[in-house]
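One structure is given here, and the rest of the page talks about it.
The values are calculated or read from the model by the stated rules, or taken from the named source; none is laboratory data. From a predicted model like this one, the values you see are computed outputs, not experimental measurements. Cβ: placed from backbone, ideal geometry, glycine included. Neighbour counts: every protein chain shown.
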Amino acid sequence: MTEKEILAALESLGTEQNRKIYHRHGVTDEMFGVSYANLEKLRKKIKTDHTLAERLWATGNHDARILATMIADARQMTDREIENWSKGLSSYVATDAFARLVALSPLARKKMERWTKSKTEWTGRAGWLIVGVLAMRGDELPDEYFENQLEVIERGIHTAKNRVRDAMNSALIGIGLRNARLEKKALAAAARIGRVEVDHGETGCKTPDAADYIRKAAARRKKR
């Protein structure tokens with residue numbers, strides 16, 4: 001499929017109801033309002049096409065950008081390209097899709113370490129989301145690396161920007177789910193941190209209690 005064909009398909013699949021939902025979740029970019037179910041159908045049809053993904057991201061259209069993250073090849077993304085894409089982030093919805101893509105890139109750790117220090121809300125969020133992904137993925141990073149991240153989270157979560165707080169909470173959970181040793185340390189950190197307040201806007205979303213989430217997930221894992 002060509003870029004023109006995909007944009008036409010996205011427009012035909014968009015609905016006013018979905019646009020209202022995305023607006024409530026903070027999406028302000030131009031959009032058609034395409035459901036994730038339909039985006040997934042397009043992904044299966046297109047498969048991986050990095051060149052097409054680059055063109056779709058460049059449109060600035062929200063639906064096209066989400067689809068771009070689904071068909072891009074993370075292994076082909078250069079440092080410059082990742083940074084350019086990050087500058088276009090304007091909502092947590094697009095940021096989350098983008099972070100999932102970058103987490104698969106060979107540059108994931110480099111980006112994570114830079115972005116977790118960012119003062120920009122969306123790149124900061126992306127960085128902490130990648131921390132959580134890498135913690136749960138079981139890669140070669142040692143436990144000590146994530147212990148250091150726990151210290152950073154504990155020191156800064158309450159003063160971080162709104163959506164960064166949410167991502168730091170997710171990273172705390174991800175670290176707690178990595179193994180039994182880090183579970184204990186994450187639970188101790190969560191107890192000291194206490195309740196994490198996040199403004200989710202006009203949605204029904206809630207910030208999970210990290211300690212409760214870790215305990216329940218660990219219990220389910222033991223039953224397997």
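Contact map, the range 37-56: first residue under 21 Å from TRP85 (Cα atoms), second residue of a type in the set (S, T, N, Q) and assigned to a helix (DSSP H, G or I), Cβ cut-off under 7 Å, separation 6 or more or different chains; pairs are HIS50/GLN76.
Can you run down the residue pairs with Cβ atoms below 9 Å, 6 or more apart or on separate chains, where the first is in the range 137-154 and surrounded by fewer than 12 Cβ atoms within 10 Å (Cβ to Cβ) and the partner is part of a helix (DSSP H, G or I) and of a type in the set (D, E, K, R)? What qualifies is ASP139/ARG109.
To keep it simple, each residue is scored yes or no on (1) of a type in the set (A, V, I, L, M); (2) in a helix (DSSP H, G or I); (3) touching a Ser or Thr at 6+ places or on another chain (Cβ under 7 Å); (4) within 21 Å of THR116 (Cα to Cα).
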site: MET136; (1), (2), (3), (4): yes, yes, no, yes
site: PHE146; (1), (2), (3), (4): no, yes, no, yes
site: GLU151; (1), (2), (3), (4): no, yes, no, yes
site: ILE173; (1), (2), (3), (4): yes, yes, no, yes
site: GLU183; (1), (2), (3), (4): no, yes, no, no
site: VAL198; (1), (2), (3), (4): yes, no, yes, yes
site: PRO208; (1), (2), (3), (4): no, no, no, yes
site: ALA219; (1), (2), (3), (4): yes, yes, no, no
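Here the range 91-105 is the region considered, the condition is being of a type outside the set (A, V, I, L, M, F, W, C) and touching a His at 6+ places or on another chain (Cβ under 9 Å), and the residue that is nearest to HIS23 (Cα to Cα) is SER91. Looking for something surrounded by 15 or more Cβ atoms within 10 Å (Cβ to Cβ), in contact (Cβ under 8 Å) with a residue 12 or more places away in the chain and part of a loop (DSSP other than H, G, I, E, B) - is there at least one such residue anywhere in the range 118-133? The answer is no, given that none of the residues of the range 118-133 is surrounded by 15 or more Cβ atoms within 10 Å (Cβ to Cβ), in contact (Cβ under 8 Å) with a residue 12 or more places away in the chain and part of a loop (DSSP other than H, G, I, E, B). Screening ALA108 with (1) within 14 Å of the chain's Cα centre (by Cα); (2) of a type in the set (Gly, Ala, Ser); (3) under 13 Å from TRP57 (Cβ atoms) gives one miss only, at (3). Restricting GLY60, GLY26 to those that are small (Gly, Ala, Ser), in contact with a Phe, Trp or Tyr (Cβ under 8 Å, 6 or more places away or on another chain), on the phi > 0 side of the Ramachandran plot and not assigned by TED's automatic domain parsing to the domain that holds GLY124 reduces the list to GLY26. Screening ILE157 on (1) surrounded by fewer than 16 Cβ atoms within 10 Å (Cβ to Cβ); (2) assigned to a helix (DSSP H, G or I) shows it passes everything except condition (1). Test LEU141 against the stated conditions and say whether it is in a loop (DSSP other than H, G, I, E, B) and out of contact with any Gly (no Cβ under 6 Å at 6 or more places or on another chain). Yes, satisfied. If you go through the range 193-208 and keep only what is surrounded by 13 or more Cβ atoms within 10 Å (Cβ to Cβ) and more than 26 Å from LYS20 (Cβ to Cβ), you end up with ILE193, VAL196.
Checked against the criterion of being farther than 22 Å from GLY204 by Cβ and loosely packed, with under 13 Cβ neighbours inside 10 Å, the candidates GLU5, GLU11, GLU54 yield just one match: GLU5.
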